[in-house]
Amino acid sequence: MKRILPALLAATVLAGIPAAAQTAISFTAAEGARMPPYQYFGEVAGVATNSKGGIFVFTRTGDPSVSLGASRTFQRGGTQLFQFDATGKYVKEIGKGVYGFLVAQQLRIDPQDNIWAVDAMSGMVIKFDPTGTNVVMTLGRKPEAIDVPQPPPRPPRAGMQPGQGPNQDLFDYPTDVAWDAAGNIFVADGLGANTRIAKFNNVGKFVKSWGVKGTGEGQFADTHGVQVDGAGNVYVADSGNKRIQVFDNDGNFKSAIGNVGTPAAICISKGAHPYLFVSNSNPVDNLDTGGEIYKLELDGTVIGRFGRAGKLPGEFGTVNAIDCRNPNQLYVGEIGNYRVQKVTLR
């Protein structure tokens, strides 16, 4: 971490785009969280802050273990969840040895400061209490074993369309979680065979889901991220179709937002005037493409953008997470650069 970010504490960066394109937002970038000596982040899949300023980072690292059993493998480890104080100083690890930690995908903190970890490989969403001491809810289910080699994708069940997924609490590579004011839970599911949003009530009982594979309204190429605004509208990052789709609370299509590249990480800020932040995350096989982050009004109007793909301070490598509790101070988690950047907008 120290080798990658020696200049971040004083770096000031302007987005390098033509003035005729979109407004370049001036910003500074600094190291957002510091691991103890000789400990390092892996791919940072999630970063979130709580109401007290604490910083939480969900990273693909640790000590993965695979045990062979006949033709199947039994997996555990490979993901860690860390807490830092408001200055970025390491505090502790949360969830060490939790059964559902395999491949970190996203991290969110709800209005009550509960910590929600989304794990892609185990297919689980795990809710911890604000201290990180107790698991208080789980959604989804980790399979006891995984077939080796992987079988071909199963055809849709009778009466189901491709990507529709089971109408229940079972996920295939879930990617994100969000809530509305009533506490209803929305899970993006995801990057596997399913392309849907699953809705649960505030105690985790399944309500409904929507979405199938496709390019039309209410259809997805994938569901990479999900957020809910104060009116209960649901925003879904449909990366494969290069758009954000907006739905009402029951999953009825309302609008689509384009002109933000390939949206992956999305975040709606708090306060009387919320903003939507969206990453045009560069693909893992092309580290020089895109990389910028957009700031929008909730109606899709682009206010400006900042950053670009790269490894220097203020550049981004495959952004997977944005925390925007404070709309002028963001925390950005990067899969490609193994780091968290603290971004202050000018």
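The values are calculated or read from the model by the stated rules, or taken from the named source; none is laboratory data. Bear in mind the structure is a predicted one, so any value in this text is a computation, not a measurement. Here the Cβ is made from the backbone with ideal geometry for all residues, glycine too, and neighbour counts use every protein chain on show.
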Legend entry - Subset of the stretch 85-110 (residues that are crowded, with 20+ Cβ neighbours inside 10 Å, touching a Phe, Trp or Tyr at 6+ places or on another chain (Cβ under 7 Å) and assigned to a loop (DSSP other than H, G, I, E, B)): GLY95
Inset, instruction - Restricting attention to the stretch 298-320, report how many residues are farther than 21 Å from VAL57 by Cα, touching a Leu at 6+ places or on another chain (Cβ under 7 Å) and either of a type in the set (Ser, Thr, Tyr) or in a loop (DSSP other than H, G, I, E, B) (or both). - result: 1
Inset, instruction - For ASP288, work out the one condition from (1) modelled with pLDDT under 95; (2) assigned to a strand (DSSP E or B) it doesn't fulfil. - result: (2)
Legend entry - Among (1) closer than 21 Å to LEU276 by Cβ; (2) outside any strand (DSSP E or B); (3) under 17 Å from the mean Cα position of the chain (by Cα), the one test that ALA188 misses: (2)
Inset, instruction - May I ask you to list the residues in the stretch 321-334 that are surrounded by 17 or more Cβ atoms within 10 Å (Cβ to Cβ) and assigned to a loop (DSSP other than H, G, I, E, B)? - result: PRO327
Inset, instruction - Tell me which of these PHE41 doesn't satisfy, since it passes every other one: (1) more than 17 Å from the chain's Cα centre (by Cα); (2) assigned to a loop (DSSP other than H, G, I, E, B); (3) modelled with pLDDT of 95 or more; (4) at negative phi. - result: (1)
Legend entry - Only one of GLY304, GLY261, GLY300 that is within 26 Å of VAL187 (Cβ to Cβ) and in contact with a Lys or Arg (Cβ under 9 Å, 6 or more places away or on another chain): GLY261
Legend entry - Every pair of residues 6+ apart whose Cβ atoms lie under 6 Å, when the first sits in the stretch 229-252 and is buried (at least 17 other Cβ atoms within 10 Å of the Cβ) while the second is of a type in the set (Asp, Glu): SER239/ASP222; GLN245/ASP238
Legend entry - Which numbered condition LYS208 misses (of (1) of a type outside the set (A, V, I, L, M); (2) loosely packed, with under 14 Cβ neighbours inside 10 Å; (3) part of a loop (DSSP other than H, G, I, E, B)): (3)
Legend entry - Pair list, Cβ < 6 Å and 6+ apart or interchain, from the stretch 194-220 residues that are more than 20 Å from PRO162 (Cβ to Cβ) to residues that are of a type outside the set (S, T, N, Q) and not in a strand (DSSP E or B): ASN202/GLY183; PHE206/ASP169
